[in-house]
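Presented below is the structure to which this report refers.
Read-outs: derived from the displayed coordinates by stated rules, not from any lab. Given the structure is predicted, the values throughout are model-derived calculations rather than measurements. When we count neighbours, we look across all protein chains shown, and the Cβ atoms used for this are built from the backbone with ideal geometry, even at glycine.
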Amino acid sequence: MPDMQYFEIPDSSDDAVMRRLRSLPDRDPPGDGWPRLAAELAAGLAQPPRATVGRRSRRVFRQAGLAMAAMLLLALVIPRMDIPRMEPEQPIAVESPEGVNATLVAQSQWLEQLVAAPALAPEAQDSGQVLLDLGLRQRIGEIDSALQDSDHADGDARRRLWQARVDALSQLVQLRWAGRREALHAGIADGVGVQQAMLWSN
Amino acid sequence: MSSRFAIDVPPELIDSARSGALASLERLYRLFERPGHNLALRLLSDPEDAHEVLHDAMLSAFRRLHQFRGDCPFWAWLRQIVVNTALMRQRSRRGHDAHAQEIPDFESAVPDAGPDPLHLAEAAQVERALDLLPAVTRSVVWLFCVEGYSHPEIARAMGQSVSFSKSQLARGLARLRRDLGVEATSHA
């Protein structure tokens, strides 16, 4: 039981202490807070509800993982290759979401916003990340083509395509965030990545 | 009220963030990242922990935006999430960190206050005195003196009694007075 002597109302000397506490200057928060948070929000959005993760979804994830591993291996084997200069932040066109799972469409659009956000610009990626970035954007383009050609496909097929699009965009966000985090740790986030500059200068 | 958290947010911005608009979420984050980081820093006295708490609290808040009913200001709702997250982290650390305990005895020994305060900047001196407080005591002092929490609010947030909050405040202020060289005017 605390001693009752401590229950006094703060006196004027306490006021002086409080004033000094309140006048303490703010400290600057770390600079990488928002990109990290945005990436995690995206990752959370991209996860399908537990009950809907079926065998087919797991197969899609597994295939995406294998594709990522293959691209990474390629990146390690071929440290430098000619990559055409391209605009990495071009908005990705999507078709009308009619008849498609609205949640997947909303997730997809939200992830696109993230990918286009300056905080996740593909700066300072190493060669492996540049290749993965390119591969993921190509995959998203292929999915978009498939969606455009799937007007007469059944709802389940279109839903799978939208799920694959969300997965690919989520991986792209994670990849961009990883590059950003490494750059911040290396103190080069504000400049153009050396590796990327080398790759895109051709 | 001196809380840096007391920032009015337009309802439209909250609605927009609730719908998932990235720009609105970022705007909210930018508005509150500094007060959130500083509150967590004062409660935990560790920049890395404060960074993690800010992140976890914001993530939690953004995922629970639909639960914000508007029956209190948005900043108060968000601040409570930051406080809860920081106190949870403090509790999880307490087992490993003897410094995280509350002050057990009014006359217990404290570490040397260090160099002559006259040679330190005012802020550095206050920060140092604050950092020397045990984590729980420091949290009570900060929430009461700077954030404007009442004792019942502190007791609820910490899972303790109102008496506990009052005694920790009194002991914390007494130690700060001593470390800052402020003379008491009425305490025995």
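Please give the length that would be gained between residue A:43 and residue A:150 if that part of the chain were fully extended, namely 0.36 nm times their separation in residues minus their C-alpha to C-alpha distance (nm, one decimal).
Full-extension gain reported as 35.8 nm.
Within 10 Å of each residue's Cβ, count the other Cβ atoms and sort B:58, B:158 from fewest upward. Before the final figure, lay out each step's value.
Details: B:58 26, B:158 21.
Fewest-to-most Cβ neighbours within 10 Å comes out as B:158, B:58.
Once fully extended, how much extra length lies between residue A:116 and residue A:102, figured as 0.36 nm per residue of separation less the alpha-carbon to alpha-carbon distance? Working shown, then result.
Working: separation 14, 0.36 × 14 = 5.04 nm, distance 2.12 nm.
2.9 nm is the gain from fully extending residue A:116 to residue A:102.
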- Message: Just want the answer: with Cβ charges of +1 for Lys and Arg and -1 for Asp and Glu, which residue in B:37, B:92, B:50 is farthest toward the dipole's positive end in the range B:1-99?
- Response: B:92
- Query: Under 16 Å from the 7 Å Cα→Cβ point of residue A:23, by amide nitrogen: which residues of the range B:131-162?
  - Reply: B:146
- Work out the FRET efficiency for residue B:8 and residue B:48 from their Cβ-Cβ distance, taking R0 = 41 Å, and round it to the nearest 0.05. 0.85
- 1/(1 + (r/R0)^6) with r = Cβ-Cβ of residue A:109 and residue A:16, R0 = 51 Å, i.e. FRET efficiency to nearest 0.05, evaluates to 0.40
- Note on the structure: Ranked on Cβ counts within 10 Å of their own Cβ, fewest leading, A:140, B:14 go B:14, A:140
- Query: Label-point separation (nm) for residue B:71 and residue B:123, each offset 7 Å from Cα along Cα-to-Cβ?
  - Reply: 3.9
